[in-house]
Amino acid sequence: MPLTLPGLARAEEESSSEAVARQQAAVRAGLATARRWGLERLPAQAPQRPVVRPELKPAQGVKLAPGRPPVVYRVPTDEKIVFLTVDDGAEKDPEFSRMAAELGVPFSAFVADYLAREDYGYFRRLAAQGDMVNNHTINHRDMRLLGYEQQRDEICRQQDQLERQIGVRPRLFRPPYGEYTDDTLRAAASCGIEAVPLWNEEAFPDRMEYRYDDQRLHPGDIILTHFRGTSLWNGTMTDLLRKVVNEVGAQGFTFARLDDYL
Ligand SMILES: [Zn+2]
């Protein structure tokens, strides 16, 4: 039987009050999740990811050269977004990956084979939850000390290894220590690398270190941190993530996924 107008109005009212109730329940659940991880609130959600990756033009924080992947310290954007990147792979803390997933904080890992190979399963699970696993060489050597062929071996073999272990061939490569030569970029290009992200900030469990004197985040900044445990620094990886989330939120920024932009 068709609804009469008052019936329709009542139905709409009910459904809108149901929607409000659902929304309130979601807010309460989000708050509970945040508090479980020692935060006052959930981090703000990232903006919709771009449909196509923006074309990189010469800008502060971007180095372009013909036939070389771009080297990027900061992704050109006007949006108040930053990118979290986590390097090496020594500490494989399941609490860290769970916390990042529950808080909706995306990140990109840059993994060195010599640290990851004992348990690629950890990195496969990161990939399954939407975090990207990228190239950080086989042995984490200083690229400046190696010839072209050795560099190519370090980068291209890790491309093959990650494709085998994770199921996806990386598009991004970060040289160990952020040190590289033109040979590094040429070698990276030869095995399919499309961009070389470096960083403007480094995060620790107790502090952030900024590259620039203004000591604050800029739109598109890339933040570096590491898969490290308490033997190497003063806190756990969940302490680290709490520090980063608080710092990024306090400056009015949200997290976006680097691989969506580069
Ligand atoms: Zn490293």
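Listed from fewest to most Cβ neighbours within 10 Å, the set Ser16, Ser108 follows the order Ser16, Ser108.
How much of the DSSP bridge set in the chain is antiparallel, in percent, rounded to the nearest 5? The answer is about 25 percent antiparallel. In terms of other Cβ atoms within 10 Å, Tyr148, Tyr73 run from fewest to most in the order Tyr148, Tyr73.
Sort Arg257, Arg22 so that the residue with the fewest other Cβ atoms within 10 Å of its own Cβ comes first and the one with the most comes last.
The most exposed by this proxy come first: Arg22, Arg257.
Put simply, the amide H of Ala195, placed in the peptide plane, has neighbours under 5 Å in Phe173, leaving out anything fewer than 5 places away on its chain. Given their separation in residues at 0.36 nm each and the Cα-Cα distance between them, Ala189 and Arg164 gain 7.1 nm when the chain is fully extended. Rounded to whole numbers, the Karplus 3J(HN,Hα) couplings from phi for the range 167-173 are x, 10, 7, x, 9, 10, 9 Hz, using 6.51 cos²θ - 1.76 cosθ + 1.60 with θ = phi - 60°, and x at Gly and Pro.
Translational diffusion coefficient of the range 63-260 at 4 °C, 1.567 mPa s, Stokes-Einstein with Kirkwood Rh over Cα pairs, in µm²/s as a whole number.
It comes out at roughly 77 µm²/s.
Taking 30 Å as R0, compute the FRET efficiency from the Cβ-Cβ separation of Gln45 and Leu232 and round it to 0.05. Taking R0 as 30 Å, the efficiency between Gln45 and Leu232 is 0.40. Based on DSSP H segments of at least four residues, each scored -39500 (n - 2.57), the chain has a per-residue ellipticity at 222 nm of -12000 deg cm²/dmol. Close amide H pairs (under 5 Å, H built 1.01 Å from N) link Asp87 with Phe110, Thr225, His226, Phe227, residues at least 5 positions away or on another chain. Checking understanding here: applying a Kyte-Doolittle mean of at least 0.0 and a length along the axis of at least 15 Å (C-alpha), which whole DSSP H helices in the chain pass? Qualifying helices, which must be both long enough and hydrophobic enough, are 237-250. Residue-wise HN-Hα couplings along the range 129-146, as the Karplus relation 6.51 cos²θ - 1.76 cosθ + 1.60 with θ = phi - 60° gives them from phi, are 8, x, 8, 8, 10, 10, 8, 9, 6, 7, 10, 6, 8, 6, 4, 5, 8, 10 Hz; Gly and Pro carry x.
Bear in mind these aren't lab numbers, they're just calculated from the coordinates by the rules spelled out. Quick caveat, the model's predicted, so the values are computed rather than measured. Cβ: placed from backbone, ideal geometry, glycine included. Neighbour counts: every protein chain shown.
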